[in-house]
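Everything below concerns the one structure shown next.
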Amino acid sequence: MMGHVNMVHGLTGMILLVLWLAALGATIFALIHAVRQRPDAFTAVDKLTKQIWLAILGVAVVLLLLSPAGLGLLSFAAIIATGIYLADVRPKVDEIQRGPRW
């Protein structure tokens, strides 16, 4: 019986580790993307400024690093911020810098 419990905890721990690594990777990707963009592209699409997004994503990376594989409440806040950037801000910033499609 005890072996099954340890196996479940081990599997749960591995799943949490994979999720944490994915969240950390996505957040680092978002931060690098934000660093590489022109500052005026953010305001041109009515989003927060580049500096604010850099601060948000930088804090998100720190929060994830402070809770490795724990995925606590602060980690979820970091994941949500990253998701907003990747799903809402990034596509619009990329589109405005690419120009109109003909």
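The values are calculated or read from the model by the stated rules, or taken from the named source; none is laboratory data. Keep in mind that what you see is a predicted model, and the values were worked out from it rather than measured. Surface areas here come from the heavy atoms of the whole protein model, side chains and all, with no ligands, DNA or RNA. Shrake-Rupley method; radii C 1.70, N 1.55, O 1.52, S 1.80 Å.
Details
- Correct option for Rg/Rh (Cα atoms, Kirkwood Rh) [calculated from the coordinates] among (i) 1.16; (ii) 1.05; (iii) 0.93: (i)
- Surface accessible to a 1.4 Å probe, per residue, for the residues of the stretch 1-98, Å²: 62
- Axial C-alpha extent at least 30 Å, average Kyte-Doolittle at least -1.0 - helices from the chain (DSSP): 2-36
- Theoretical gain in end-to-end length, T49 to L19 [0.36 nm per residue, Cα-Cα removed]: 7.9 nm
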